[in-house]
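Please read the structure below before turning to the comments.
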Amino acid sequence: MLSSLVKEHQAKQAGRKEVQEQKRKEAMAAANNLTQALVDHLNVGVAQAYLNQKRLDAEAKQLHHNATNFAKQTHQWANLVESFSSALKEIGDAENWAQSIEADMRTITSALEYSYKGEDIYNLVGSFAGEELALEEFGVKFYLHLVV
């Protein structure tokens, strides 16, 4: 009897150990599944953050490239405007110079007319009649054609 009680107790204890071992295995599997699910969930967020960072880096690189091109183009525009401004100044200087020469020629003509009034002018102009007088200033020749 005692031995049968011991055997019965040992059999129940072995059954409980099996159940306990089965529950421990199930708990370990459930813990592994939970851990894997948490890691997968975190990996999705990390992967998304990585993709976002990669996209941001590419866009930042493109923005830097565009800004550099814009700066170059702006510099070219500034140079073009400066060249255009210089050309306009040169045109204005040439026009001013031509007006100055024209005024000088009128002064010379008036001086000749006043100094040789009367017959003296006819004698002087008559001696040069049909000829051209040339005045060269800054590499540009001006011609006066005298007609009586």
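Do we have any residue at all in region 110-120 that's open to solvent by 70 Å² or more (accessible area, probe 1.4 Å) and at pLDDT 85 or above? For region 110-120, residues open to solvent by 70 Å² or more (accessible area, probe 1.4 Å) and at pLDDT 85 or above: absent.
Look at (1) open to solvent by 70 Å² or more (accessible area, probe 1.4 Å); (2) touching a residue at least 24 places away in the same chain (Cβ under 8 Å) and you find that Trp77 fails only one, number (2).
The values are calculated or read from the model by the stated rules, or taken from the named source; none is laboratory data. Because the structure is predicted, anything quoted here is derived from the model rather than measured. Note that we place each Cβ from the backbone using ideal geometry, even for glycine, and neighbour counts take in every protein chain shown. Accessible surface is based on the protein model in full, side chains and every heavy atom, while ligands, DNA and RNA are left aside. Shrake-Rupley method; radii C 1.70, N 1.55, O 1.52, S 1.80 Å.
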